[in-house]
Amino acid sequence: MLARFSEAFLIIKASEVGLSTRYVPLVLVVMSLVYSLTSYPVGALSDRVGRRGLLAVGLVALFTADVVLGFSTSIETVFAGVALWGLHMGLTQGLLSALVADTAPVELRGTAFGIFSLVSGVVLLVASVLAGVLWDVAGSQATFMAGAAFTALALLLMPLVRFRALPSK
């Protein structure tokens, strides 16, 4: 979760390259549209082919979004990065919840979701604070490249994580 900071940084980046304040909501509209259009098909696909590969594809989408956004100098490339960010969300958010459901014992599933949400929220807050500090100190490119680096690290460490589904009751 350190690889993904608040979507507010997408809006700030769009403003940085010249998007008028009037059109700023379009950033979240585009991201949410891509997210919503990909979530269901990815979830259905994950039920058939498994979650690990799709999660890796989602991390590649986040890495690519960060690189595109880091080097963006135009509104068009920012929107391409925003769309990739939405793709990442559609590829990963449902899968992460499914992995919690797959691996938590039935009698602790609610607790597992609560802990997952708590940890995710705290780490997202820390990541966003770090991203903000980095933006202030070194600029937007450094912020998005740091996100790409954390994503690359997550991809490299992914083979070490065991996803073991519990039998259904």
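Bear in mind these aren't lab numbers, they're just calculated from the coordinates by the rules spelled out. Here the structure is a predicted model, which means the values were calculated and not measured. Cβ coordinates were reconstructed from backbone atoms using ideal geometry, including for glycine residues, and neighbour counts include every protein chain displayed.
Give me the extension gain from Leu155 to Ala142: residue separation times 0.36 nm, minus the current Cα-Cα distance, reported in nm with one decimal.
Working it through step by step, the gained length comes to 2.7 nm.
In whole angstrom, note down how far apart the Cα centers of the stretch 111-145 and the stretch 1-59 are.
Here the answer is 15 Å between Cα centres.
Set the Förster distance to 22 Å, then compute FRET efficiency between Ser97 and Val123 from the Cβ-Cβ distance, nearest 0.05. All intermediate terms of the calculation are to be shown ahead of the outcome.
Values: r = 16 Å, r/R0 = 0.71.
After rounding, the FRET efficiency stands at 0.90.
Go ahead and set up a Gaussian network model of the chain, Cα springs under 10 Å, then flag whichever of Ala14, Ala80, Ala104 fluctuates most.
With Cα springs under 10 Å in the chain, the top fluctuation among Ala14, Ala80, Ala104 is at Ala104.
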